[in-house]
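**Student:** A single structure is presented below for examination.
The values are calculated or read from the model by the stated rules, or taken from the named source; none is laboratory data. Source: prediction; values computed, not measured. Positions of Cβ are generated from backbone atoms using ideal geometry, with glycine treated the same way; all protein chains shown enter the neighbour counts. Side chains included, ligands, DNA and RNA excluded: accessible areas come from the protein's heavy atoms. Shrake-Rupley method; radii C 1.70, N 1.55, O 1.52, S 1.80 Å.
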Amino acid sequence: MTTAATTSSHPWIESLQAELDALQAALLRGDAPGVEQASAAMQAVLQQAPKTPDFANPDSALRRDTQNAAQRFAQLRQAVLRTNAQNERAVASLLPQQDPRRQPTYSRMVKPSTLRGAGRGFLTA
C-alpha cells in the first residue's frame, strides 16, 4: 500500500487519501465486497468536500492535493477497467457458451436468400 507523500494541511484531504488507500488495498487483494465498501466510503468523503474558495486558487495546497487525489483515483479506475476487460476475455475464452455478447460463428440468415448451399450462412467476427 502506497500512501501519497503529501503534507496536507486539510483533514478532508487526509480522509480522502485514507479512503483511496483502502480502495487500493481492496483492489490488490481482489476483495470485491471490500472494493464496494471502500468506494462507498470514498463517495461519502467526496460529498463532504469543504466549501472553500481555496479550490479556485491555482496555488492552493488544497486544490493541488485534490488534483493529485483525482489523478490517483483515475489510475485506480483504469486498472479496474483493464482487469475487468481481461476477466471478460478470459471467461469468453474458457466458457464461450456463458458469454451473452457472443453470437454464433455460423447462423441462419433470417431473410431467405437466393443463394444455394454455403451462401445460406454468414460469418461474424
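**Student:** In terms of the Cα gyration tensor, with a ≥ b ≥ c the square roots of its eigenvalues, is the stretch 36-82 rounded because a/c is under 1.5, prolate because a/b exceeds b/c, or oblate?
**Tutor:** It is oblate, given that a/c is not under 1.5 and a/b is not larger than b/c.
**Student:** Also: In nm, to one decimal, how far is the modelled label at residue 49 from the one at residue 25, with both set 7 Å along Cα→Cβ?
**Tutor:** 2.6
**Student:** Once you have the Cα-Cα distance between residue 85 and residue 14, take 0.36 nm times their residue separation minus that, and quote the gain in nm to one decimal.
**Tutor:** Result for the pair: 22.4 nm of gain on full extension.
**Student:** Let me ask you something else. For the stretch 1-94, what % of the accessible area comes from carbon and sulfur atoms, probe 1.4 Å?
**Tutor:** On the way: 3420 of 6300 Å².
Carbon and sulfur atoms account for 54 percent of the accessible area of the stretch 1-94.
**Student:** Just want to confirm a number: the relative contact order over the stretch 10-76, from Cα pairs under 8 angstrom separated by 6+ residues, in percent.
**Tutor:** The normalised contact order for the stretch 10-76 reaches 37 percent.
**Student:** So if I place +1 on the C-beta of Lys and Arg and -1 on the C-beta of Asp and Glu, and nothing else carries charge, what would the dipole magnitude of the stretch 20-85 be about its Cα centre? I want it in debye, nearest 20. Could you put the intermediate results ahead of the total?
**Tutor:** Details: 7 positive and 6 negative charges, 33 e Å.
With Lys and Arg at +1 and Asp and Glu at -1, about 160 debye.
**Student:** May I ask you to evaluate 6.51 cos²θ - 1.76 cosθ + 1.60, the Karplus curve with θ = phi - 60°, for each residue of the stretch 38-44 and list the ³J(HN,Hα) values in order in whole Hz, giving x for glycine and proline?
**Tutor:** 5, 5, 5, 5, 5, 4, 5
**Student:** Quick one: if the Förster radius is 22 Å, what FRET efficiency do residue 63 and residue 41 give, using the C-beta to C-beta distance and rounding to 0.05?
**Tutor:** Given R0 = 22 Å and the Cβ-Cβ separation, E is 0.45.
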